[in-house]
Amino acid sequence: MNGLLLTTQQALQLLLSGDAELWSIVLLSFSVSLKAILLTTPLALLVAFALNHVNFPGRRIILAFFNSLLSVPTVVIGLFLYVLLTRQGPFGNLRLLFTQSAIVIGQMILCFPVLVALGYAAIQASDRRVWETARTLGAPTWFSILTVFYEVRFGLLAAVLTGFGRIISEVGISMMVGGNIMGYTRNITTAIALETSKGEFAQGIALGMVLLSLAFLLTAFLSYIQGKKEFTT
């Protein structure tokens, strides 16, 4: 018990003292995951909209495919990317393996089905007359789509926050295609795995506190959004 208390105290000291190594890991994690979510969101939400408002053969199969991808382990995605990006792979000449770009690509693949599935659910819950009215009034397609997105903005924001929480807490992709290189590809989850394997728990606990704090903030913000949605309706 005394050892746990001492380690927790050391973790808090690392956080509060502004330890350069620890906070560089935190900033790298947020930088990579923010890039991934920002690059993925527009296309994913457009796909979710198309699955709702465009009738085409195989639409249900595609939706089922995205839903099935929600349960794919991150290490499987990491392995798939590793095979593609290794020197012997089809994209080996791009030299993306063990770079931040590789992690961004992997996290984009991970959060894309999350955004599509949750975005689809949010758009499906909207009043279809919003789209039909906008089109009847002669609004451009892009404006009509944005109108629908605005009507379900709370649900879409919840989807984006859920996707961000999913990718910033993953470890399989970052470890396999990032390589856990200090100062370059080492993020929160890979650093936790490394430090605990070395038996040095202070930094791991400190980084775990950051992830727990993020989870709490995202949950609180989602609850706030839900309450605001109920208030506005």
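Structure above, values below:
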{"item": "Likely footprinting exposure, Tyr82, Tyr224, fewest C-beta neighbours within 10 Å first", "result": "Tyr224, Tyr82"}
{"item": "Span per principal axis, largest first, for the Cα atoms of the chain (Å)", "result": "67, 51, 26"}
{"item": "Residues Leu43 and Phe143, FRET efficiency given R0 of 25 Å [Cβ-Cβ distance, rounded to 0.05]", "result": "0.85"}
{"item": "Cα-based helix-to-principal-axis angle, 100-124 vs the chain, degrees rounded to 10", "result": "40"}
{"item": "Inter-site label distance for Ala215 and Asp19 at 7 Å from Cα along Cβ, in nm", "result": "2.0"}
{"item": "Relative contact order computed over the chain (Cα-Cα under 8 Å; 6+ residues apart), in percent", "result": "30"}
{"item": "Extension gain, Arg135 back to Thr196 (0.36 nm per residue minus Cα-Cα distance, nm)", "result": "16.3 nm"}
{"item": "Cα long-axis angle, helix 20-53 against the chain (0 to 90 degrees, to the nearest 10)", "result": "20"}
{"item": "Inter-probe distance in nm under a simple model that places probes 7 Å from Cα toward Cβ, at Val76 and Phe30", "result": "3.3"}
{"item": "Theoretical gain in end-to-end length, Phe65 to Ser223 [0.36 nm per residue, Cα-Cα removed]", "result": "54.0 nm"}
{"item": "Protection proxy ranking, peptides 4-15, 167-178, average beta carbon neighbours within 10 Å, highest first", "result": "167-178, 4-15"}
{"item": "Relative packing of peptides 29-41, 117-129, 137-149 - highest average C-beta neighbours within 10 Å first", "result": "29-41, 117-129, 137-149"}
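Bear in mind these aren't lab numbers, they're just calculated from the coordinates by the rules spelled out. Note that the structure is predicted; figures quoted are calculated from it, not measured. For neighbour counting, all protein chains shown are included, and Cβ atoms are generated from backbone atoms with ideal geometry for every residue, glycine included.
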